[in-house]
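Only one structure is covered here, and it is reproduced in the block below.
Taken together, the values in this text are just the output of simple stated rules run on the coordinates, not laboratory data. As the structure is a prediction and not an experimental result, all values here were calculated from the model. Every residue, glycine as well, gets a Cβ built from its backbone with ideal geometry; the counts of neighbours run over all protein chains shown.
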Amino acid sequence: MGNTQEKPPGGGGGGRLDTATAGSGTRSRDTGSTEKTQSQTAPEKGFANGTQRQNSPAGGKEEQGRPAVDTSYLDAPAGSLPPHLARLKNEGNHLFKHGQFGDALEKYTQAIDGCAEAGTDSPEDLCILYSNRAACYLKDGNSVDCIQDCTKALELQPYSLKPLLRRAMAYESLERYRRAYVDYKTVLQLDTGIQAAHDSIHRLTKMLIEQDGPEWREKLPEIPVVPLSVQQQHREKPISIELAQARAARAAQEEARRKEARFTLLKREGNDLVKRGHFQEALEKYNECLILKPDECALYTNRAICFLKQSRFEEAKHDCDSALQLEPGNKKAFYRRALAYKGLQDYLSASTDLQEVLQLDPNVREAEQELEVVTGLLRQSLMDNAAHTPRVKDLNALTHLMKT
């Protein structure tokens, strides 16, 4: 407890770093993403096993037969920082990206000190530098210094999302759960879509109840109310492509989860209604299921039962046809279509489907019994029509049945 070297929950670091681009003032809103300039997206040819090679004096030509290191990312714009400080920040971002947190920390420190020496007064840029250095501290398990840098960043730019989230993680790693809870709550006022903050609130609530009892809320520090203007300003900021994609993926997963849960519930309710003999209500449940999953074979065979029980034989046959298109060897579909044909007095087609069932599984006793009944009905039908000119098809069928 209280160990400043303890690793923060979830791996620490608060994700990737903050960046800012000159002329746009746009930063990534995602706590786990970084905007990349065009030069930063190029492959890093000058790294082998995490070690940077020496830059060539020619700035891009090969030296001694080795490819030159691409250092163009160093000259990428960085907010309103002067070029020499922008290079320090960009190099820090590059080192952080490659897991060299100690070296990145040194670059951010040099940039922070350089701002003071140069008289640079840009709260936004300084806030980013302190927040990025805090991410390095957090990755290295130095939660105390992480908190200090996040607090400085928030003094420069109140209600900045990443410093709040990183400070919350640092507080939690030091078991200062009340302050962590407050920061996570503040984060969610700015962006309700940060799942890590929701998960942390849920986890910390349990810890605080265990630690402080039923009156745990009364022992919390005051949770600041983020002004509506700040919330609106945050919502209007452009988001990174990575964040937009991540949010879309999470939304799709959540929608699929809700859809699957709804489907499972409706299908179970339909099956229970069939067992109780409430076929119209069951049919309505299966209709809703088919809207969610129109390619679910079992729904068609289940709904066919409801149609059969209501003597809606044509609709039952249609559902069995649909099931057999999805699963050509489905015994239930053949059997229930045979019952539908029987209800439509198409005994020859019913006999054919029942024989198909028995060919698929000779042990289906119901199909054997039903085939005997249908065969008798077909014989009777053919005999009743004997006075008329029988069709060749029916004569052949009758001849076949007389031999069985």
Q: Sort the following peptides by mean Cβ neighbour count (other Cβ atoms within 10 Å, averaged over residues), highest first: 244-253, 293-302.
A: 293-302, 244-253
Q. Tell me which aspartates and glutamates have Cα within less than 13 Å of Lys309's Cα, excluding those fewer than 8 residues away on the same chain?
A. Glu281
Q.
Between the range 116-181 and the range 195-231, what is the separation of their alpha carbon centroids in Å?
A. 19
Q) Hey, rough spin-label estimate for Ala252 and Ser229, points 7 angstrom out along Cα→Cβ, what's it come to in nanometres? A) 4.0
(Q) Checking the a/c ratio against 1.5 first, then a/b against b/c, what shape does the Cα gyration tensor give for the range 268-331? (A) oblate
Q. Taking the simple approach of a point 7 Å from Cα along Cα-to-Cβ for both Arg262 and Asn363, what is their distance in nm?
A. 4.1
Q: Would you please give the FRET efficiency between Leu326 and Met383, computed as 1/(1 + (r/R0)^6) with r the Cβ-Cβ distance and R0 = 35 Å, to the nearest 0.05?
A: 0.35
Q. In nm, to one decimal, how far is the Asp212 label point from the Ser311 one, both placed 7 Å along Cα→Cβ?
A. 7.0
(Q) Residue by residue through the range 100-115, what is 3J(HN,Hα) from phi via Karplus (6.51 cos²θ - 1.76 cosθ + 1.60, θ = phi - 60°)? Round to whole Hz and write x for glycine and proline. (A) 9, 5, x, 5, 5, 4, 4, 5, 5, 4, 4, 5, 4, 5, x, 5
